[in-house]
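The values are calculated or read from the model by the stated rules, or taken from the named source; none is laboratory data. Given the structure is predicted, the values throughout are model-derived calculations rather than measurements. Here the Cβ positions follow ideal geometry from the backbone for every residue, glycine too, while neighbour counts run over all protein chains shown.
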Amino acid sequence: MFAVKTNISNYRTFGEFAEAFALSEDDLVITQSFLYEPFMKAKRLPCTFVMQDRYGGGEPSDEMINNILKELKRKSFTRVVGIGGGTVIDISKLFVLKGMDEATDAFERRIPIVKEKQLVLVPTTCGTGSEVTNISIAEIKSKHTKMGLADDALLADEAVLIPELLRGLPFKFYAYSAIDALIHAMESYLSPKANVYTQLFSEKAIGMILSVFKGISQYGEVYRFAHFEEMLTASNFAGIAFGNAGVGAVHALSYPLGGGYHVPHGEANYQFLTAVFNVYYDKNPQGKIHDLNEILADNLEIRKECLSANPKIVYDILDRLLGRLAPKNPLHYYGIRAEEAGEFTINVLKTQQRLLANNYVPLEEEDIRKIYQSLY
């Protein structure tokens, strides 16, 4: 019913973490320049450092991974330490695998998925939750889509939460990643694989995240600085929930935006959140979504009589709150054409069954097409 196979620890600073984990020449550290310079450089650690941003920006891709693989061909290490956002974490998971010469070898399972190195993951955004999941996702450029590899070989041995490392994160990236954590919690709550254990983590994550969002809405962007640890923990809780129960259509429908239009993961998911949940409610209002709406209403301070009169008011109020943090854009904003709704629908049905299997209720082809059309 439930498992957390990763040890989770918390350190106030990177220096405390480096000392406690005895980082050495046997470690490969995958990170980014803007994190290395202020937090790691002065420590003069003997590790092999790889700056992911030198191999390309944006989401992880097979091209990025293959270029790093070539550079490390003659290097030897026993532990991989990934310090960064979703891109760094997803890439780091792959570098523990035995015999991987190209990224697609793993994603298409042309090689046995065998872990041969220890994995330590340190998230520096507050949304991925990937430090406690067994999934790595990358854009496969030759196929113009994203692919996911889900296998317990990708689970971190250690996940480390260090609030200090969020200080340099621009508000836009903070907001979209934290909204993604909320989506993880909401989708996993409704998943057919959910149970009382996973829902415990989902509900707690929802409450913590919305509490911080309300504070930001009232006091401004600086409010987040005093609540980094709270948001990192909430993201971790949401990661534990979706690592066990899975996410569904919100993530599935966002994939064409990421793969074809390079929209960042959290931002892409945000576009679909309330549209998908509105359809879910219309198709089965009496199931678990009723309980979820009550949780949302309680945290959004919606009066019970208002919820009874209009149960879907929670999505309007949620949209309003999230809109104060980050814009939700129409799909044409990203250069998407109206006629692509049909192409996206077929693509999602063909390539994202792993996620669609976790839907609260099944979505038909016409349901998915209408969601794309309504957001155009």
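Laid out as a table, the results:
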read-out: All positions within the stretch 112-137 that are among the hydrophobic types (A, V, I, L, M, F, W, C), more than 12 Å from the chain's Cα centre (by Cα) and closer than 28 Å to R167 by Cβ; value: L119, V120, L121, V122
read-out: P285, sole failed condition from (1) within 22 Å of M208 (Cα to Cα); (2) modelled with pLDDT of 95 or more; value: (1)
read-out: Residue check, D157 more than 29 Å from L356 (Cβ to Cβ) and of a type in the set (D, E); value: yes
read-out: Condition met for L325 (in contact with a helix residue (DSSP H, G or I) (Cβ under 7 Å, 6 or more places away or on another chain), surrounded by 14 or more Cβ atoms within 10 Å (Cβ to Cβ), aliphatic (A, V, I, L, M) and part of a helix (DSSP H, G or I)); value: no
read-out: Odd one out for I371, checked against (1) assigned to a loop (DSSP other than H, G, I, E, B); (2) within 14 Å of F277 (Cα to Cα); value: (1)
read-out: Candidates A297, A309, A275, filtered to the one that is under 13 Å from I371 (Cβ atoms) and at pLDDT 95 or above; value: A275
read-out: So D180, is it of a type in the set (D, E), within 26 Å of T13 (Cα to Cα), crowded, with 24+ Cβ neighbours inside 10 Å and modelled with pLDDT of 95 or more; value: yes
read-out: Selection from the stretch 165-177 of residues that are in contact with a Phe, Trp or Tyr (Cβ under 7 Å, 6 or more places away or on another chain) and modelled with pLDDT of 95 or more; value: L165, L166, Y176
read-out: Any hit, the stretch 118-132, residues being in contact (Cβ under 8 Å) with a residue 40 or more places away in the chain, over 24 Å from S33 (Cβ atoms) and either among the hydrophobic types (A, V, I, L, M, F, W, C) or surrounded by fewer than 24 Cβ atoms within 10 Å (Cβ to Cβ) (or both); value: yes
read-out: Residue in the stretch 1-58 that is farthest from L257 (Cα to Cα), counting only those that are assigned to a helix (DSSP H, G or I) and acidic (D, E); value: E19
read-out: Selection from the stretch 328-345 of residues that are surrounded by 13 or more Cβ atoms within 10 Å (Cβ to Cβ) and either not assigned by TED's automatic domain parsing to the domain that holds V276 or not aromatic (F, W, Y) (or both); value: K328, N329, L331, I336, E340, A341, G342, E343, T345
read-out: Evaluation of S61 against (1) over 30 Å from S191 (Cα atoms); (2) touching a Lys or Arg at 6+ places or on another chain (Cβ under 6 Å); (3) touching a residue at least 60 places away in the same chain (Cβ under 8 Å) (one fails), failing number; value: (1)
read-out: Single residue of the stretch 297-346 satisfying the filter (of a type in the set (G, A, S) and in contact (Cβ under 8 Å) with a residue 40 or more places away in the chain) that is nearest to I206 (Cα to Cα); value: A326
read-out: First in the stretch 196-225 and without any contact (Cβ under 8 Å) to a residue 60 or more places away in the chain and within 13 Å of Y174 (Cα to Cα), second anywhere and surrounded by fewer than 20 Cβ atoms within 10 Å (Cβ to Cβ) and aromatic (F, W, Y), Cβ under 8 Å, 6 or more apart; value: V212/Y223; E221/F171; R224/F171
read-out: Tally, over the stretch 347-368, of residues that are surrounded by fewer than 17 Cβ atoms within 10 Å (Cβ to Cβ) and either modelled with pLDDT under 95 or within 24 Å of the chain's Cα centre (by Cα) (or both); value: 6
read-out: Positions within the stretch 315-356 being under 21 Å from K370 (Cβ atoms) and either of a type in the set (S, T, N, Q) or touching a Ser or Thr at 6+ places or on another chain (Cβ under 9 Å) (or both), in sequence order; value: Y315, D316, L318, D319, K328, N329, T345, N347, T351, Q352, Q353
read-out: Matching residues in the stretch 222-249 - criterion: being under 30 Å from Y376 (Cβ atoms) and over 12 Å from the mean Cα position of the chain (by Cα); value: G248, A249
read-out: The listed residue being at pLDDT 95 or above, under 21 Å from Y281 (Cβ atoms) and in a helix (DSSP H, G or I), out of L253, L232, L200; value: L253
